[in-house]
Structure formats: structure tokens, C-alpha cells
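So the structure is just underneath, and the comments pick up after that.
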Amino acid sequence: MILVTGASGMMGKAVLHEVAKVAAKTGENYRAMYRSATEAAKAPAGSSTVIADFGKKDSLPPALRNVTSVYIVCSPIPQLIELEWNMIDACVNAGVSHIVLSSAMGAREYRKSFPSWHRRVEDKLKSTKISFTILRPNSFHQNVLTYYAPSIRSQGAFHASMGNARVSFVDARDIAVVAAKALAGGEHSGKTYELNGPEALTYAELAEKITKHSGRDVQYVDIPPEVQRKALLDRGMLEWQADALLDLQAYYVKGKGGNVDGLLEQLIGRPPITMDQFLSEFPSEFRPHVEVQALADAATA
Ligand SMILES: NC(=O)c1ccc[n+]([C@@H]2O[C@H](COP(=O)([O-])OP(=O)(O)OC[C@H]3O[C@@H](n4cnc5c(N)ncnc54)[C@H](OP(=O)(O)O)[C@@H]3O)[C@@H](O)[C@H]2O)c1
């Protein structure tokens, strides 16, 4: 029995989808873990679900009943260290055989920001006797929708302090395929996979691609980190979050995020999804919403 945690989140949902696909062929049982019944109600048809919370230790043993393999993922918050530690302890107590851990690029060496938090969880996992696979993905394609589409919709531009840094964006759905395979353990046991996408793009090149797929002129505007920090805080972002984001950007600016290799393709058995393929699925996400466009048209009529 496989347990997929974080099943309401972007990564966990994609993993659940893949696990369900594999289970349809192999007959493997799986369970999806949610924190709320409202989210659990959205589980794919036929999925078994359980309500539990890494922060509520008593809720974890029932979620782990008869479970042999677990996919662990948590929101990118500083508390993920303690929360995922709780889950690892619960897995040890429940006799789980294999854990696939969602970590992040940079966990090998970067002692700041999200990678440093993930590293502490990796170290904890390795201190147990449970067999593991650690996944360290680069930045997701999906971030472009989450972080940049809103200002592109309203201003035709997105802002950051990335300079000419290159990012080997990777699709969360490809990472999910690796996670589903790794949950079987076997050849993936004891492995740490650094997972990069198929091309390393600067943000200016990303803007060109968004322009091509959305049919509107989109600019990347490079701004100093302190200006970006102020803008993030003005937009309501919490201080720790803005600092973690800027620290991660600094890592990319040092040239650490533009690696391209064949590992992902080898693991998933097909070419990884490209940024062009991803953007072609969401052209309207970068255009002004209809009502906003109608107002703009009315104002210029
Ligand atoms: N975005 C990137 O480019 C990128 C790249 C590399 C690695 N990562 C890593 O990938 C991970 C997942 O990212 P994501 O975008 O999928 O995050 P997400 O959408 O925020 O999903 C996080 C999941 O964790 C669950 N969760 C939070 N607190 C929990 C708790 N106390 N107990 C149990 N479950 C809890 C959430 O449940 P609720 O819905 O109930 O809150 C949600 O299902 C992060 O750790 C991030 O650092 C991200």
C-alpha cells in the first residue's frame, strides 16, 4: 500500500494522479492523505483517502496503517522541517519500508532558504533505516503561472532580480512520474536524483516564449533585489518568504540552476515536457481577463 501525502497540493496532486495510473495497471493499493475533508472529496474517483496532519502526531499512525511506501511532501514553509520529521518518525514506528522525499535543487550545498530546510529533512531520513529516494527538482514550469502570470495579465511584464541567470525549468508532472516509479523502491532505493528540465532559459528568453504562446508582447524587467523585496512585501508577502525567495534567486544568479542533463529523460523514458509545450497549454493565462479587457477597450473607445 502506497501513501501519497500533500495530495491537495500542486506536486502531491500530480504524484497521486501518476500513482493512480500505475495502480490501474498493477493493482497496487494506494491512499491519499489530506488535511481537510473538503480537499479529500476532490480525490480522483476510486482513490482511498485519509485525513491527517504532520503537525498532529496522533493522526499519523491511522494514515500509515498497512502502508509500505510513502511519498512525503509539504508546503515550502520553514516549519516543513519539523512537520516532515514528525512524518518520518511515524513511518519508522509504522514499519514503512520505503520513502520518496520531495526535496529541492540546492539541498546538496546551499545552506540558505528552501534548499537548507529540505536538507535537514533529507539528513533525518538518511539517519533512519528506511530505504529512500530523494527527489531534488529545479524550478517548476508551473511557477510561471503562479508567480508571473498575474503581473503579465495586468501589465504585460514580470519583474525579478535574476539578471541573465539560466533556469532549467522542469515540469511538476514529469517529477511526479519519477516519484511514482520511485515508490516501488528497487533500483531507485538509496538514490538522490537532481532533476532538471530539458533547456536552460534566461528570464528574457522566457518572456519571448510567453510572447509567442500568448500572442501579446511580454517583457521581463530586471530590478535590484532590494526593489524586488519591497515590491513583494508591499504585495503582502511575509518577510521570511520574501527573504527565502531572494536567497534562492541569488543561488540561481551564481549560475547554479542552469544544469541540463539527460537524467530526467532516462528516468521517465521519454523526452521531458519543454517550456514551449507547457506554455502552449495555457495561452489565455497571460492575457487580460475578459472583463478587464472589456474595461480597457471601453476606456480607449
Ligand atoms: N515550486 C518549485 O519550483 C519547487 C521546486 C523544487 C522543490 N519544490 C518543493 O516542492 C514542495 C511542494 O511544492 P508544492 O508547490 O506542491 O506545494 P503546495 O502546493 O503548497 O502543496 C503542499 C502540500 O503540503 C500539505 N501540507 C502543508 N502542511 C501540512 C501539514 N501540516 N500536514 C500535512 N500536509 C501538509 C498541503 O496541504 P493543505 O492543502 O492542507 O495546505 C499541500 O497538500 C515544496 O516543499 C517545495 O519546496 C518546489
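Some points to look at:
- Spherically averaged projected area of the convex hull of Cα atoms, the chain: 16.5 nm².
- For Val100, the accessible area of its heavy atoms, probed at 1.4 Å with every protein chain present, is near 0 square angstrom.
- Gyration tensor over the Cα atoms of the range 232-285: the corresponding equivalent ellipsoid has semi-axes (square roots of 5 times the eigenvalues, largest first) of 30, 19, 9 Å.
- The chain, accessible surface, carbon-and-sulfur percent (1.4 angstrom probe): 53 percent
- Scalar couplings 3J(HN,Hα) for the range 60-65, obtained by applying the Karplus form with A = 6.51, B = -1.76, C = 1.60 to θ = phi - 60°, are 7, x, x, 5, 9, 4 Hz; x denotes Gly and Pro.
- Largest to smallest in accessible area, the residues His98, His289 fall in the order His289, His98 (1.4 Å probe, all protein chains included).
- Converting phi to 3J(HN,Hα) with the Karplus coefficients 6.51, -1.76 and 1.60 and the offset θ = phi - 60°, the range 157-166 yields 8, 9, 10, 6, 10, 8, x, 9, 4, 9 Hz in sequence order, with x at every glycine or proline.
- Cα long-axis angle, helix 10-26 against the chain (0 to 90 degrees, to the nearest 10): 50 degrees
- Computed E for Leu263/Ser131 - FRET, C-beta separation, R0 22 angstrom, nearest 0.05: 0.65
- Bins of 10 Å, starting at 0 and running to the largest distance - Cα pair percent for the range 156-224: 18, 34, 25, 17, 6
- Using the Karplus relation 6.51 cos²θ - 1.76 cosθ + 1.60 with θ = phi - 60°, the per-residue 3J(HN,Hα) values for the range 222-239 come to 7, 10, x, x, 5, 6, 5, 4, 4, 4, 5, 5, 4, 7, x, 5, 6, 4 Hz, with x marking Gly and Pro.
- Near the amide H of Val167, within less than 5 Å, lie the amide hydrogens of Leu201, Thr202, all on another chain or at least 5 residues away, with H placed in the peptide plane.
- Tensor-based shape of the range 1-158 (alpha-carbon gyration tensor, a/c under 1.5 rounded, otherwise prolate or oblate): oblate
- Nearest-10 value in Å² for the accessible area of Trp117, using the 1.4 Å probe: 40 Å²
- Proximal lysines relative to Lys57, as straight alpha-carbon distance under 16 Å, when same-chain residues fewer than 8 apart are discounted: none
- Dipole of the chain [Lys/Arg +1, Asp/Glu -1 at C-beta], most positive-end residue of Pro271, Leu64, Ala40: Leu64
- Cβ-based charge dipole, the range 169-238, positive-most Cα from Tyr203, Ile223, Leu183: Leu183
- The order of Arg65, Arg216, Arg287 by accessible area, most exposed first and with a 1.4 Å probe, is Arg65, Arg287, Arg216.
- Helix axis angle, 113-126 relative to the chain longest principal axis, alpha carbon, degrees: 10 degrees
- Sequence-distant residues sharing a close amide H with Arg31 (under 5 Å, placed H): Ile2, Leu3, Val4
- Other-chain or far-sequence residues with amide H under 5 Å of Ile273's (modelled H): Asp171
- Straight-distance crosslink candidates among lysines, where the alpha carbon sits under 28 Å from Lys230 and sequence neighbours closer than 8 are dropped: Lys112, Lys209, Lys254, Lys256
- Accessible surface for Lys256 stands near 90 Å², nearest 10, in the context of the full protein assembly shown (1.4 Å probe).
The values are calculated or read from the model by the stated rules, or taken from the named source; none is laboratory data. Quick caveat: nothing in here was measured; it's all calculated off a predicted structure. Counting neighbours? That spans all protein chains shown, and the Cβs are built from the backbone with ideal geometry, glycine included. Note: accessible area is taken over every heavy atom of the protein model, side chains too, but ligands, DNA and RNA are not part of it. Shrake-Rupley method; radii C 1.70, N 1.55, O 1.52, S 1.80 Å.
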